[in-house]
Amino acid sequence: YIIDGQHFLKSIRSLEIYRERCVKSTQGWFKLIRSRSRALFWYLDFECPFCKECRTVTNEPLHTDIEKKLNNQECHKKLTIPESTVWGVISAGSGFRQLEEIFSHLGIKCMSNSTFMKLEQNIGEVS
C-alpha cells in the first residue's frame, strides 16, 4: 500500500493512548478487526474489546480532513493518492493498462478501470 507516513503514524499513535480513555477498563486497547482497500485507499478498522468503541485508520487523510486543512483555498487543492496516481500516469502519456502493469510488478492492488476513468474525468474538470 502507498501511505502518507506522517498521517498514518499520527493516527496509529492516537490509538496507543486509549488505555487512559476507555470508559470500561483501565486496560483498554484497540484490536485490529478488519483491513479493507478501495482504489488505493486503505482502511484499518480497530475495536476496543472492553467498551466496543471503534476507530478507523486510513493510509492518508480523508478528503474532508484535507479540505478543512486548506481553509477553502480552491486554487491549492491537494490531490489524494489515487488522484495523484491518475494524474501522473496521464502526464506520462500512459493509461490504465500501463498503470495496471506497473502495479502488478510492484505487488500493489490496482484500482479498477471504472475508478481510473472516474478520477480521470474529475481531474479533467478541475484543471
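The values are calculated or read from the model by the stated rules, or taken from the named source; none is laboratory data. Because the structure is predicted, anything quoted here is derived from the model rather than measured. We place every Cβ from the backbone using ideal geometry, glycine too, and count neighbours over all the protein chains shown. To get the accessible areas, we keep the full protein, side chains included, count just its heavy atoms, and leave off ligands, DNA and RNA. Shrake-Rupley method; radii C 1.70, N 1.55, O 1.52, S 1.80 Å.
Figure note: Thr56, Thr115, Thr26, Thr80 ranked by solvent-accessible area, largest first, 1.4 Å probe, ligands and nucleic acids not counted: Thr26, Thr56, Thr115, Thr80.
Per-residue accessible area (protein heavy atoms, 1.4 Å probe) orders Tyr18, Tyr1 as Tyr1, Tyr18, starting from the largest.
Derived value for the chain: Kirkwood hydrodynamic radius 16.7 Å. Basis is the mean of 1/r over every pair of different alpha-carbon atoms. Computed from Cα atoms, the angle from the helix 113-126 axis to the main principal axis of the chain rounds to 80 degrees. Here the Karplus curve 6.51 cos²θ - 1.76 cosθ + 1.60, taken at θ = phi - 60°, turns the phi angles of region 10-25 into couplings of 4, 5, 5, 5, 5, 6, 5, 7, 5, 3, 6, 10, 4, 7, 9, 7 Hz, with x standing for Gly and Pro.
Heavy-atom accessible area, probed at 1.4 angstrom with all protein chains present, ranks Lys31, Lys10 as Lys10, Lys31, highest first. Between Ser84 and Ser37, the modelled labels are 1.7 nm apart [label points 7 Å from Cα along Cα→Cβ].
For Phe50, the shell of other residues with beta-carbons less than 12 Å away shows a net charge of +3, using +1 for Lys and Arg and -1 for Asp and Glu. Derived scalar couplings between HN and Hα for region 47-62 equal 9, 7, x, 8, 9, 6, 5, 10, 9, 10, 10, 10, 6, 8, x, 5 Hz in order, rounded to whole Hz, by the Karplus curve 6.51 cos²θ - 1.76 cosθ + 1.60 (θ = phi - 60°), x for Gly and Pro. Once the Cα atoms of helix 81-91 and of the chain are each reduced to a long axis, what angle between those two axes, in degrees from 0 to 90 to the nearest 10, is obtained? On a 0 to 90 degree scale, this one is about 10. Multiplying the residue separation of Ile102 and Leu62 by 0.36 nm and removing their Cα-Cα distance gives an extension gain of 11.9 nm. Heavy-atom accessible surface of His7, to the nearest 10 Å², is about 40 Å², with a 1.4 Å probe and all protein chains retained.
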